[in-house]
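Read-outs throughout are calculated quantities, based only on the coordinates presented, and are distinct from any laboratory measurement. Just so you know, these numbers come straight off a predicted model, no measurement behind them. Neighbour counts run over all protein chains shown; Cβ positions are idealised from the backbone, glycine included.
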Protein chains: 2
Amino acid sequence: MARVSLKEQMQRVREDAIVDAVNQLLATKGYELMTVDEVAAEAGLAKASLYKLFTSKEELAAAAMVRVLERALAQAEALEQQEADARARLEAMVRWTLQVQLAGEMPTLPAQNSRLVAALKGHRAYMDRLFELSDRLGGWIVEAQKRGGVNPKLPSELVLFTMFARACDPVLGMLKASGQYSDEQLVELLLATTFQGLAGG
Amino acid sequence: MARVSLKEQMQRVREDAIVDAVNQLLATKGYELMTVDEVAAEAGLAKASLYKLFTSKEELAAAAMVRVLERALAQAEALEQQEADARARLEAMVRWTLQVQLAGEMPTLPAQNSRLVAALKGHRAYMDRLFELSDRLGGWIVEAQKRGGVNPKLPSELVLFTMFARACDPVLGMLKASGQYSDEQLVELLLATTFQGLAGG
DNA sequence: GTCTATAAAGCGATAGAC
DNA sequence: GTCTATCGCTTTATAGAC
């Protein structure tokens with residue numbers, strides 16, 4: 001009797017629609033400008049119904065972040081199968097975040113909103129996945145630094161933070177707005193500056 | 001009779017106090033979370049008085065951006081006197097932005113708020129200074145690319161945007177929060193990743 | 001010109017009917 | 001469980017007294 005009831009399935013679909021809407025709004029407008037009314041309208045249900053599933057706006061944001069972290073973890077696991085070299089794995093991971101960003105599907109949260117930050121810090125599912133991803137990438141970084149693929153003089157923490165920051169780097173949007181480059185070119189350009197810098201190795 | 005009246009001087013001082021408050025609040029809380037009430041309280045005058053000098057919240061933000069752009073331009077002019085090498089000038093400019101950011105004095109605006117962006121686009125003083133700074137730095141970049149100090153394969157636009165982005169890079173705050181590095185170390189680390197990348201030339 | 005007081009609107013969150 | 005209707009609060013912006 002482990003069968004999932006129809007009701008549960010429908011609820012799951014509805015929750016997915018909500019998180020989809022949150023994800024898209026966080027990617028385009030950001031947290032402060034995203035309203036719960038918009039989320040409900042986009043997901044196709046009444047705001048009061050939404051609040052039965054998610055207890056607050058912060059909870060909505062956390063759910064979107066949990067999902068994108070899970071996607072990142074899935075991507076990381078796939079890369080561990082496909083790619084042996086640590087540096088190449090790190091590059092592939094950054095490439096993936098740039099592609100997600102270009103697709104308008106990278107939710108970004110303001111680090112300045114202390115209320116939101118506090119809520120996230122106390123959010124178990126979010127923190128678990130954040131630590132898991134950090135641990136996995138941290139391992140790659142240390143390995144790449146041993147082999148010289150990443151500068152061993154840099155604190156591995158700095159490398160990790162830089163990778164996270166590239167996931168919501170405004171440079172990509174600014175350059176895309178200029179309209180002079182294809183998405184593929186944009187990704188390769190940003191990847192080059194991330195690993196080679198402006199001087200260009 | 002070019003003497004500046006006492007009244008004008010006092011108004012100037014008061015406007016400076018307001019822009020100071022805006023600057024600090026933009027640096028710490030960001031635009032959306034900054035309230036005009038806070039600005040008035042911080043600057044020590046009533047909100048209604050503030051609205052006689054600045055017609056909107058957007059105008060306040062623009063004023064803070066104008067001032068930081070003017071400071072950047074002053075810094076750029078000073079560097080043209082002191083430093084002959086284009087690449088060295090670019091590095092010094094990034095170093096300056098990192099120091100301002102560490103001092104908690106770098107106002108940052110959300111690129112996502114379309115109302116604010118539209119207001120800035122129509123703000124003459126802001127746009128003038130933005131173009132002037134872009135032109136000046138753009139010249140340095142092209143020169144540095146000719147001499148090999150900056151990768152000539154990168155679009156100079158990308159180099160410029162990357163420099164602007166480093167002025168509000170969240171990596172600096174994240175790394176500082178870890179408490180393991182002095183301000184001087186932080187600046188040199190970020191400078192290294194900006195120009196040498198993670199691979200480290 | 002500076003203030004107190006308030007208008008006007010938007011938002012997160014909830015009550016209560018069905 | 002889903003909806004309509006509304007509460008309660010915050011925020012931008014202004015009116016009007018002194």
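Any chance you could count how many residues in region B:62-91 are away from every other protein chain (no Cβ under 14 Å) and either within 16 Å of DNA strand C (Cβ to nearest atom) or small (Gly, Ala, Ser) (or both)?
Summing the residues that are away from every other protein chain (no Cβ under 14 Å) and either within 16 Å of DNA strand C (Cβ to nearest atom) or small (Gly, Ala, Ser) (or both) in region B:62-91 gives 8.
Checking the condition buried (at least 17 other Cβ atoms within 10 Å of the Cβ) and under 20 Å from the mean Cα position of the chain (by Cα), which residue from B:131, B:195 passes?
Criteria check complete, one pass: B:195.
Can you confirm whether residue A:120 is closer than 22 Å to residue A:74 by Cβ and facing chain B (nearest Cβ under 10 Å)?
no
So which residues in region A:51-108 are free of Cβ contacts under 8 Å to residues at least 60 places away in the same chain and in a loop (DSSP other than H, G, I, E, B)?
A:54, A:55, A:83, A:84, A:103
Do you know which of the residues in region B:1-47 that are within 14 Å of another protein chain (Cβ to nearest Cβ) and part of a loop (DSSP other than H, G, I, E, B) is nearest to DNA strand D (Cβ to nearest atom)?
So the residue we want is B:35.
Please go through region A:42-52 and give me each residue that is within 11 Å of DNA strand C (Cβ to nearest atom) and of a type outside the set (Ser, Thr, Tyr), ordered by number.
A:46, A:47, A:48, A:50, A:52
Of all residues in region B:26-40, count the ones that are away from DNA strand C (no atom under 16 Å from the Cβ) and surrounded by fewer than 22 Cβ atoms within 10 Å (Cβ to Cβ).
Final tally of qualifying residues: 3.
Just one of the numbered conditions (1) surrounded by fewer than 17 Cβ atoms within 10 Å (Cβ to Cβ); (2) free of Cβ contacts under 8 Å to residues at least 12 places away in the same chain; (3) within 12 Å of another protein chain (Cβ to nearest Cβ); (4) not acidic (Asp, Glu) is not true of residue B:161; which one?
(1)
Exactly one condition in (1) part of a helix (DSSP H, G or I); (2) away from every other protein chain (no Cβ under 14 Å) is not met by residue A:141; state its number.
With respect to (1) part of a helix (DSSP H, G or I); (2) away from every other protein chain (no Cβ under 14 Å), residue A:141 is out only on (2).
Within region A:84-109, track down each residue that is more than 13 Å from the chain's Cα centre (by Cα) and surrounded by 16 or more Cβ atoms within 10 Å (Cβ to Cβ).
A:86, A:87, A:89, A:90, A:91, A:92
Does residue B:146 fit the bill of being part of a helix (DSSP H, G or I), out of contact with any strand residue (DSSP E or B) (no Cβ under 6 Å at 6 or more places or on another chain) and surrounded by 15 or more Cβ atoms within 10 Å (Cβ to Cβ)?
Taking the combined requirement at face value, the residue does not satisfy it.
Filter region B:174-201 down to residues that are touching a residue at least 24 places away in the same chain (Cβ under 8 Å) and either farther than 18 Å from residue A:94 by Cβ or facing chain A (nearest Cβ under 7 Å) (or both), then give me how many there are.
Qualifying residue count, region B:174-201: 7.
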